[in-house]
Structure formats: structure tokens, C-alpha cells
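The values are calculated or read from the model by the stated rules, or taken from the named source; none is laboratory data. Predicted model only: the values in this text are computed from it and were never measured. Cβ sites come from the backbone with ideal geometry, for glycine too, and all protein chains shown count toward neighbours. Each accessible area value is taken on the protein alone, full model and side chains, heavy atoms only, with ligands, DNA and RNA left out. Shrake-Rupley method; radii C 1.70, N 1.55, O 1.52, S 1.80 Å.
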Amino acid sequence: MKGLDITTPSASLVVQRQPFGLEVIVAGVWTMDAVLPSRSQVLKAIHASQSSTLLRFDMSAVQRWDSALVTEIIAITQAAQHQGLSVDSSSLLPTIQNLLNLVSALPEKHHPPKPPHRITWLEEWESGFTHILQEAFATVEFIGQLCLSSLDVIQKRSHFRRLDWWLQVQDCGPSAFPIVTVISLLVGLILAFVGAVQLSLFGAQMYIANLVSLGMTREMGCLMTAIIMSGRTGAAYAAQLGTMRVNDEIDALRTMNLEPLAFLVLPRMLALILIMPLLCLYADLMGIFGGALVSLTVFDISTAEYLDRTIHAVQMKDFLIGFVKSSVFGVLIAFSGCMRGMQCGRSASAVGDAATSAVVTSIVFIVIADSIMTLICNRFGI
Amino acid sequence: MPQSVISVEDLTMAYGSVLIQKDLNFSVNQGDIFVIMGGSGCGKSTLLRHMIGLSSPLKGDVRFGGQSLVMADSLQRQQLMKKFGVLFQTGGLLSSLTLGENISLPLTESTQLSAGKIREIVAYKLALVGLAGFEDYYPLQLSGGMQKRAGLARAMALDPEILFFDEPSAGLDPVTSKHLDDLILRLRESLETTIVIVTHELSSIFAIGNNGIFLDAETKTLIAQGSPQQMLATSQEAKVLNFLYRGNLPSAEGHKNE
């Protein structure tokens, strides 16, 4: 259908000087999928004419037409009026005349066009700085509200829905098992491979078990779980709460005298805080198992040896460190997810922004918190 | 005899195992303002979705000028889709694009017009719906009524032969809703477009509708057909009269005397 049908005459636009003034002859097929002629000759003729010249259209040979023709006529008419020519609108096709009336009849609201504002580097810095300040204030405010509503729940002034909490636990716990399994197994595998290549240089492949078990329990187990959960659950929290805000559900809760923080945010946060350490322990075990797979199959270490080295290398405190870290990460993920969700704007794209920024915020928080805790452990020799 | 533009034949619609409407037969004529009426939840919007090819029916067919939409292959379907424009309940404008970009999107995608010509067409369409000069605004910066009108401008971008409206007056105040009705009437007069409207706004139904059907949720089929005035005068169905009288059904004698 695109392009020009050979059998139909193409659109043509011709201007002629007549005794009465200018005559614009429009002919052929003027549709959006036809090839349209240029109007430069007509405009030139209009610009060359004196004001109060009469401009008439001859549209007798127009066949099919659509908006392509109407906009052409509008452009020519406007140019003519601008030049001071008088346009004989009765020479137009009646339907086009109607449409032109419709276009000009509806009140044209003149909103001033937004001024083109050039942002200097200073303003950019300023807005960046105020943005950071606002973020910090919003974070502190959210923490404050959270504390207050927790206090309300403890003092039984607002209601905490156990059922919701349990649903959230199921949602972020058991359903995250498959992905946590796969990722931590592979991380254990990778640690074993990378470590073994280096250790074999000293003939110390035996120590793969130490490397994997310590690496998993102290760092990788909790870190990988945290990153998985921030992508999986943190983003989901932000999107759920954000959508509820867009649908006025959060405002509806407020009007029913239900505090959204106690009703929506606390169950989610408590669920994740409970589940994170458990998932982390599970990830530790899976990682150690992954390392064992590599050591047993590729590097010829016996099962007994691997187990023995692992038991000697890992102490209870290593598990506890992972446990504590993952609890902290759980708080951070749930906090950023819920905060971004509650701060969400009221459009479809705002929900996407909230989910993105929940993941970014929680990963930044996680890495910062992890460095601080590792530093502390190092300092005190734990 | 007016020419039939859309004919719906034995259309049966279902969501999964839930039957929505069955055995619908009607046709929309050239230049009609065709109103699909019925109580809430009777399947009006579902019918519209089937007529524009967003859902496929369990049985039956929707034909545009003799060509089947249900049986069409993807190329034919594209050609058919170009024939109609749709205004969705909440406007359906893409919120990440400005009004100008929203309207020029179908133009750049399915025509080979120059950028300048597209700009002119966009300006003209916006002027038609009374939003001249709003090209650079984002949908969220506009009021609900303006968003609807901008949605209408986008629906008309490709000069469709048929316009579909899903609850055009939902969420608008009576005055704005009347403006929209006037706009629809004027556009129909000037462009000779056929219009299909899903609505339960009584004032709109009587003001602009000249043909229509009434769907019933219980019997799951259409129980009245014709212009709203005709329905009011001739229908024997209590449900139809109840709807058209807004629940204040006059006594049977009173109705006969009218």
C-alpha cells in the first residue's frame, strides 16, 4: 500500500497568476501515503504578491485526500494571511472549509512556551547537592516514622497483621530457595577453581577447603544472598508499594485510620529480617558443597580430607559473623525497598524508577555496611 | 440502504471458561455513532476489545467491509488496524512521551512523510481537539479532560475510517463530558468518520447515539438494538427501559401513553 499507485495521478500543486490575483490549483491524490509535491513555488508566489491580493483555490481535480491536504491548505492559508493576502475560503472543498472552521473555532489556549533555560555547571552542582540533602532528610524522616509506628505496634495502638507477615515470609523465603541454591553453589565452585589454580603453585591444593569455607561463611554467602534478595525482594517491595500508591491504596488505608507503615511496611521488613540469616546459612552450606564438588572431581582431594579441613578451618564465630552481616543486610534491603516504594511518584514510570532506585540504594548500603563490618572484625581480630 | 462498515457475526466471547456474551449479531453502518450500552460488568469493554482485535473470540467473526479480522494474517491485520483509531478509557497516552511525540508516533511508524509534514499534521490534530500549542507537554501535566482529547487526537492521527471510544466520559465532569460529545459530533460531521462508543453515560447516549445495542449480563446476549430513542419507544425489555430511565421506570400505562 505504501508508495504511489501508478494508475492514479499523483498530487500536484501549481500556482498561477490570474487577473483577480493568485490561483492555487490542487489536484490528484493527497493522502499520507502518496508522494506529495513541495509548496515552495506557492510560498514564493505569495511572498512576491502585494497585500490584499486575492488568493483562490481550485480544487476541482482533487481525488482522494486526508490530513495531508488539510495541513497543506492550512500552511498556505497561514502564509497568505501573514503576507496580508485575502483568502477566498469559499473556493475550498466544503468539508475542508468545515475542518478549518473547527480548527479555528476551538479556543486556542496560549500557554507560554516553557522558557529554554540553560543550566550552568554551578546550578547543576547546586541541584545535585540539594538532591543529596533532600534524600538524606527523607531517609531520616522515614526512619523516624518507622520507629514511631513500631512503637505504636508494640504498645498495641495500631494493628500488626500476622497473616500478612506470614505471607511475606513465604514469599521471600521458600520461593527464593532455587535461585539462592544455584548462585551460591556456583560461587562456591568459582572460589574453588580460582583458589586451586593459585594454591597448586605451592602444592597446597589441600587448602581449597579452607578458602572456600572461610570465604563463603564470612563474606560471599551473606553478600551473594543480599544481592539476590535486593534484586528479587527489595525491588518487588518498591514496585508493590509504588503501585499501591499510584492506585491510591495507601491513601485509602490512611483514611481508614490504618497506618500504612504498620500495615504494609513492618510485615515486609520483619519478614525479610527473619529470612535473610536463614537464607545466608543455607547459601554458606551450598557454597561449601560447590567447592567440594570441584575439589573431589577435578583436584583429586578425598571427601574425608575435604571435610576434615573444612571442620578445622571454620569456627562458630565465622558462621556468626555471616549471620550478623546478613541480618544487617536484611534490614538495609527491606528498608530501601519499602522507603523507595513509599516515596514513589504517581505515574507508571515512577514505579519503575522506584524499583530501580531501591536496588541501587540497597546495593550501595550493603557494600558500605559490609566494608565497615569487615573493618571492625579485622580491627578486633574476630 | 446505508453501507455496513463493521459486521459482527455470531460472536461469542469468553475469558477462560467464563462466558461473557454469546451469539452477538449486529452491524455498524457508515457514518453511525454506534453506542454499546449495558450495565456494569456485562462485557461492553470486552466486546470493544474483540472488535478492535485485542482479544480473539471463542466463536464467530468481526468483519470490516467484508474482510474478517479474526481470520486475517498479520499483514492483513496491520492493514485493517490502520482503518481504525481507538481512544482508551484513560487516554492510553504514553506517559514518557510528549503529546507531540505521542501523536507523531503512528505517523512516523506507518507513513513515509517528512518530519516537517508530520509536525504540521500533529499541530493540526491538536488544533482539531482544541489543544493547539500543547505539543511539548507531557500527558501528566494535563487535566483528565485534556488527556482524553489528546488521546482522541492520537486516535485520529492516521485519519481512520472508524473511531472506537471506550467510556469517553468516565471521570469527566458533566460540562467537560458535554464538550467531548460536541467534539465527537463535530468531527463526525466534518470527517464523516464512523464512531463506536462504549458508554453508560445516559446524556451522551441520547445526545450523540443514532444506533446501538444493549447487552445483558444475565442472558449473556444483546436484548435490544437500534437508536436509543427507538429503544425507549419500542423495547419491551424492562432492563433496557430501566437503564434508559435511570432506574425510575414509569408505570407500564405511563410508558404506553408516551
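What the table shows:
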{"item": "Average other protein chain Cβ within 10 Å of Cβ, residues A:68-75", "result": "5"}
{"item": "The stretch B:165-216 shape via C-alpha gyration tensor axes, a/c threshold 1.5", "result": "oblate"}
{"item": "FRET efficiency for A:Val35 and B:Glu101, using Cβ-Cβ distance with R0 set to 25 Å, rounded to 0.05", "result": "0.50"}
{"item": "Quotient of Cα Rg and 2.2 N^0.38 Å for the stretch B:94-190, N being how many residues it contains", "result": "1.04"}
{"item": "Chains B and A together, accessible area buried on both sides, 1.4 angstrom probe, square angstrom", "result": "2400"}
{"item": "Residues B:Gln141 and B:Val175, FRET efficiency given R0 of 25 Å [Cβ-Cβ distance, rounded to 0.05]", "result": "0.75"}
{"item": "Cα→Cβ-extended label distance, 7 Å offset, between B:Leu94 and A:Val324, nm", "result": "5.2"}
{"item": "Calculated SAXS-style log₁₀ I(q)/I(0) at q = 0.14 Å⁻¹ - chain B, Debye, Cα scatterers", "result": "-0.98"}
{"item": "Cα-Cα over 23 Å, subset of B:Lys83/B:Lys148; B:Lys82/B:Lys148; B:Lys44/B:Lys178; B:Lys22/B:Lys148; B:Lys125/B:Lys148", "result": "B:Lys22/B:Lys148"}
{"item": "Residues losing 30 Å² or more accessible surface upon assembly, the stretch B:107-122, compared with the chain by itself, 1.4 Å", "result": "B:Gln112, B:Leu113, B:Lys117, B:Glu120, B:Ile121"}
{"item": "Solvent-accessible area, 1.4 Å probe, carbon plus sulfur percent, for chain A", "result": "65"}
{"item": "Test item: Cα-centred dipole of chain A, Lys/Arg +1 and Asp/Glu -1 on Cβ, debye", "result": "300"}
{"item": "For the stretch A:141-233, average projected area of the Cα convex hull in nm²", "result": "8.6"}
{"item": "Extension reserve of the A:Ser60-A:Ile190 stretch, reckoned as 0.36 nm per residue once the Cα distance is removed", "result": "38.9 nm"}
{"item": "Cα→Cβ-extended label distance, 7 Å offset, between B:Leu19 and B:Glu237, nm", "result": "1.6"}
{"item": "Whichever aspartates and glutamates have a C-alpha closer than 16 Å to that of A:Lys156, once near sequence neighbours (fewer than 8 apart) are set aside", "result": "A:Glu259"}
{"item": "With every protein chain in place, the stretch B:116-185: carbon and sulfur % of accessible area (1.4 Å)", "result": "56"}
{"item": "Modelled FRET efficiency - R0 22 Å, A:Leu274 with A:Ile372, Cβ distances, 0.05 increments", "result": "0.45"}
{"item": "Distance (nanometres) between label positions extended 7 Å along Cα→Cβ at A:Thr297 and A:Ser12", "result": "7.9"}
{"item": "Burial order of peptide ranges A:334-347, A:46-59 (average beta-carbon count within 10 Å, highest first)", "result": "A:334-347, A:46-59"}
{"item": "Spherically averaged projected area in nm², based on the convex hull that wraps the Cα atoms of the stretch A:148-379", "result": "14.5"}
{"item": "Span-rule helices in chain A, defined as complete DSSP H runs reaching 27 Å or more along the axis (Cα) with Kyte mean at least 1.0", "result": "A:177-199, A:266-297, A:316-342, A:348-379"}
{"item": "Extension gain from A:His159 to A:Phe129, taking 0.36 nm per residue of separation minus the Cα-Cα distance", "result": "6.9 nm"}
{"item": "Prolate/oblate/rounded call for the stretch A:210-287, Cα gyration tensor, a/c under 1.5 rounded", "result": "prolate"}
{"item": "Tail beyond 18 Å, pair distance distribution of the stretch A:12-105 (Cα, percent)", "result": "40"}
{"item": "For the stretch B:125-174, residues shielded by at least 30 square angstrom of accessible area compared with the chain on its own, probe 1.4 Å", "result": "B:Ala127, B:Leu128, B:Gly130, B:Ala132, B:Phe134, B:Tyr137, B:Leu140, B:Asp159"}
{"item": "Length gained when the stretch A:Ser104-A:Leu307 is fully extended (0.36 nm per residue, less Cα-Cα span)", "result": "64.5 nm"}
{"item": "10 Å Cβ neighbours from other chains, averaged over peptide A:26-39", "result": "2"}
{"item": "Accessible area of the stretch A:12-105 divided out per residue, in Å², using a probe of 1.4 angstrom", "result": "46"}
